[in-house]
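Structure record follows, encoded as structure tokens.
The values are calculated or read from the model by the stated rules, or taken from the named source; none is laboratory data. Just so you know, these numbers come straight off a predicted model, no measurement behind them. Here the Cβ is made from the backbone with ideal geometry for all residues, glycine too, and neighbour counts use every protein chain on show. Remember, those area values only see protein heavy atoms, side chains included, never the ligands or the DNA or RNA. Shrake-Rupley method; radii C 1.70, N 1.55, O 1.52, S 1.80 Å.
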Amino acid sequence: DPAAGHLAVETLFARLRPPRGLLPFHWIQSDPSGPPCFNVRHLYPLVLAWSAIAPGMAAELVKCALSCQQPDGRIPSEVAPESTGEQAPAALPLIAQAAYHAWIAHREEGFPDFAAPRLRRYLRWACRHYDPAQTGPPCWQSADEALIPDAHDAGIASPDLAAFLLGEIEAYLHLSRACATTAGDEAAWQAEIQRLKDSLHNILWDDGRGVFTNRYLNGSKTERL
């Protein structure tokens, strides 16, 4: 519908904000009626939207999110011009996939060199954060971080997180090949890729029903498919 599409584009542009304070690139204000805030949890759908109408802006939003990376590699879910989100929960693990989509849409010179090293630090943090014992499968660590916060249950491993992390590593590796400092990183990630695949196929796959299912870390199944 052209009218609905036009309204959606107008809405995106109305929420766009120039660099300000600790946000050094263009960013999106989550709620124009509230305090200035960039909701990094929405980065992936924002990048898909901007890639269709102004690809350069998609790259700007990714760079803004990556600029708020914490010293340990974490990307916060919420940042503001006066605060880079130290106390905010982690953003959804769709950061590398957003960066890759922005790169495909807008081959900005220097973008892989900016993004890939930060994404490598982020993924090292994420793989430890969601799977502290490094034995698999990964688990959402809190409701605030989970894909579906209202349905979060401590001790449950879910296929969505394992799939997100696999997608993140794949997207990072695509970008890393175009970056001088991260090129050739594939071999270093093979063990993590295999652990995530094993989690999906050996633990979270219910062969009898032919579906992926959530599972408690103690081994018991759930009815969530």
Fill in the blank from the handout: When the stretch 139-166 is checked residue by residue, the ones that are in a helix (DSSP H, G or I) and touching a Leu at 6+ places or on another chain (Cβ under 8 Å) are Pro159, Asp160, Leu161, Ala162, Ala163, Phe164, Leu165, Leu166
Problem - Residue match in the stretch 84-106 (condition: within 17 Å of the chain's Cα centre (by Cα), hydroxyl-bearing (Ser, Thr, Tyr) and within 20 Å of Ile169 (Cβ to Cβ)) - result: yes
Exercise for the section: Looking at (1) assigned to a helix (DSSP H, G or I); (2) crowded, with 19+ Cβ neighbours inside 10 Å, find the lone condition where Leu92 falls short. Expected result: (1)
Problem - Given (1) in contact with a Phe, Trp or Tyr (Cβ under 8 Å, 6 or more places away or on another chain); (2) open to solvent by less than 40 Å² (accessible area, probe 1.4 Å), number of the condition Ala126 does not satisfy - result: (1)
Exercise for the section: Just give me the residues in the stretch 167-211 being polar (S, T, N, Q), open to solvent by less than 20 Å² (accessible area, probe 1.4 Å) and assigned to a helix (DSSP H, G or I), in sequence order. Expected result: Ser176, Ser199
Practice task
Evaluate the following for Ala3: is it small (Gly, Ala, Ser), more than 21 Å from Asp113 (Cα to Cα) and under 19 Å from the mean Cα position of the chain (by Cα)?
Solution key: no
Exercise for the section: Consider Asp113 carefully, then state whether it is more than 20 Å from Arg74 (Cβ to Cβ), in a loop (DSSP other than H, G, I, E, B) and of a type in the set (Asp, Glu). Expected result: no
Practice task
Identify the single condition in (1) more than 19 Å from Ala8 (Cβ to Cβ); (2) open to solvent by 10 Å² or more (accessible area, probe 1.4 Å) that Ala105 does not satisfy, given that it satisfies every other one.
Solution key: (1)
Exercise for the section: Could you tell me whether the stretch 162-175 includes any residue that is of a type outside the set (A, V, I, L, M, F, W, C), in contact (Cβ under 8 Å) with a residue 40 or more places away in the chain, more than 18 Å from Leu94 (Cβ to Cβ) and touching a helix residue (DSSP H, G or I) at 6+ places or on another chain (Cβ under 6 Å)? Expected result: no
Practice task
Can you tell me which residue among Ala154, Ala146 is buried (at least 20 other Cβ atoms within 10 Å of the Cβ), farther than 11 Å from Leu196 by Cβ and not basic (Lys, Arg)?
Solution key: Ala146
Fill in the blank from the handout: The residue that is surrounded by the fewest Cβ atoms within 10 Å (Cβ to Cβ), considering only those in the stretch 215-225 that are polar (S, T, N, Q) and touching a residue at least 60 places away in the same chain (Cβ under 8 Å), is Asn218
Fill in the blank from the handout: Reported set for the stretch 178-211 where residues are among the charged types (D, E, K, R), within 30 Å of Phe111 (Cα to Cα) and in contact (Cβ under 8 Å) with a residue 40 or more places away in the chain is Asp185, Glu192, Arg195
Practice task
Restrict the check to the stretch 36-53 and report whether at least one residue is farther than 26 Å from Ala146 by Cα and of a type outside the set (Asp, Glu).
Solution key: yes
Handout entry: Failed condition for Glu10, given (1) free of Cβ contacts under 8 Å to residues at least 40 places away in the same chain; (2) closer than 15 Å to Pro81 by Cα; (3) among the charged types (D, E, K, R)
Key = (2)
Fill in the blank from the handout: Flagged in the stretch 53-72 as among the small types (Gly, Ala, Ser) and touching a helix residue (DSSP H, G or I) at 6+ places or on another chain (Cβ under 8 Å), in numbering order, are Ala58, Ala59, Ala65
